[in-house]
Amino acid sequence: MTVSTIFSMVYLLEGEAFVGYNPLNMAQTILTISLCLLIFFLGMILYSKFCWRRR
């Protein structure tokens, strides 16, 4: 998980005063989702290339 994802969860649980800013603004939310998807698909590509055995 990225740091902004953790801050988003803390923001929802504790509030803005605890985190110090609102991590759920549009730009940061889009960036967080994009980076998570990029890392996921990169992991899938690397796993399929190096770990799956071809029979």
| task | Report the label-to-label distance for Ile30 and Thr5 in nanometres (one decimal), using points 7 Å from each Cα along the Cα→Cβ vector. | result | 2.0 nm
| field | Selection of chymotrypsin sites (Phe, Trp or Tyr not before Pro), the chain, meeting DSSP coil and at most 16 other Cβ within 10 Å | value | Tyr21, Trp52
| query | The list (i) 10.8, 33; (ii) 16.1, 56; (iii) 10.3, 32 gives values of Rg and Dmax of the Cα atoms in Å, and only one came from this structure; which label was calculated from it? | reply | (ii)
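Read-outs throughout are calculated quantities, based only on the coordinates presented, and are distinct from any laboratory measurement. As the structure is a computational prediction, the values presented were derived from the model and not from experiment. Using ideal geometry, Cβ is built from the backbone for each residue, glycine included, and neighbour counts are taken over all protein chains shown.
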